[in-house]
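Visitor: Dropping a structure here in structure tokens format, bear with me for questions.
The values are calculated or read from the model by the stated rules, or taken from the named source; none is laboratory data. This is a predicted model, so every value here is computed, not measured. Here the Cβ is made from the backbone with ideal geometry for all residues, glycine too, and neighbour counts use every protein chain on show. We work out accessible area using only protein heavy atoms, side chains counted, and drop any ligands, DNA or RNA first. Shrake-Rupley method; radii C 1.70, N 1.55, O 1.52, S 1.80 Å.
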Amino acid sequence: MLGLGGVLFPAYYLYKASKLPPMDSEFEIEKQLKHAIEGDRMSLVSGMYVKPDRSITFNRPDFTRLPKDLVAIYITQMGCPQFFQTPREDGFAWAWRLFVGATVGGQPPGDGGCEHILAYRIAWKLGVRDEMELTVASNKLHAFLQKDQLIAYDLAIIQFERGVVGVEDAAYKLFGRELDKLSLAELGELQLALPPYGYYDDLKTCQNAAIMKQNRDLVLKYTAGVELLGRDKVNNALAQPVFCTQRKQ
């Protein structure tokens with residue numbers, strides 16, 4: 001049985017790999033994402049008489065452009081606050097994680113779970129939907145995307161609404177400024193628009209502002225609790241009102 005499995009499983013893997021779009025290099029996935037995201041942005045501005053206030057161009061995601069505080073908040077909310085302090089998961093541990101996820105569901109312990117989630121999300125954005133094909137695609141992407149690249153791509157491809165794709169678009173839409181100009185309080189609010197929360201619409205329309213502030217404060221306190229944000233910075237941020245309430249005044 002082991003011998004038979006050793007023959008059938010690789011054959012099945014190769015069959016599923018053959019069904020995937022090209023994704024054997026960063027160039028290939030960047031090309032596909034560029035086509036999809038620029039098309040989405042263009043669909044919004046086509047027919048507009050006024051030039052859009054932001055470029056529709058999708059640039060290769062760059063981890064160094066992301067605010068460190070946002071990354072700290074994001075990995076903490078993913079459940080992997082030590083994401084950049086632990087080695088990349090490879091070899092048998094990674095293969096076992098994929099096997100467990102594809103057969104019985106769930107995730108073995110370890111930050112490799114966040115690597116898997118990130119690769120899975122990128123594969124989904126590339127149009128992969130079949131569960132086994134998502135597993136194969138996650139493995140292929142993980143083979144050449146490092147931890148920082150997984151984070152950068154994930155944050156660059158999140159769809160918030162038509163024409164608003166990626167955390168930089170969301171920052172400009174919600175706060176009217178570029179991502180690197182946001183305060184810590186605003187980055188905490190922005191996290192509420194990201195997974196696992198998805199409160200983009202509430203933030204955009206300023207619904208439930210008191211609840212948004214409460215959730216923002218919890219996010220910031222939790223990140224400080226795992227020592228990824230300074231206590232003084234967080235205390236200053238906690239004193240700030242929710243951004244949308246200032247905008248309405």
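Visitor: Taking the criterion of being more than 22 Å from residue 16 (Cβ to Cβ), outside any helix (DSSP H, G or I), open to solvent by 10 Å² or more (accessible area, probe 1.4 Å) and of a type in the set (Gly, Ala, Ser), would at least one residue in region 107-123 satisfy it?
Guide: yes
Visitor: Taking only region 211-246 into account, find how many residues are part of a helix (DSSP H, G or I), open to solvent by less than 80 Å² (accessible area, probe 1.4 Å) and aliphatic (A, V, I, L, M).
Guide: 7
Visitor: Starting from region 144-164, take each residue that is free of Cβ contacts under 8 Å to residues at least 12 places away in the same chain and under 20 Å from residue 24 (Cβ atoms) and list its partners that are assigned to a loop (DSSP other than H, G, I, E, B) and open to solvent by 30 Å² or more (accessible area, probe 1.4 Å), counting only C-beta distances under 6 angstrom and pairs at least six apart or across chains.
Guide: Nothing qualifies.
Visitor: Read through the list (1) crowded, with 17+ Cβ neighbours inside 10 Å; (2) out of contact with any strand residue (DSSP E or B) (no Cβ under 7 Å at 6 or more places or on another chain), then give the number of the only condition that residue 37 fails.
Guide: Unmet condition: (2).
Visitor: What residue, among those in region 144-164 that are part of a strand (DSSP E or B) and modelled with pLDDT of 95 or more, is surrounded by the most Cβ atoms within 10 Å (Cβ to Cβ)?
Guide: 160
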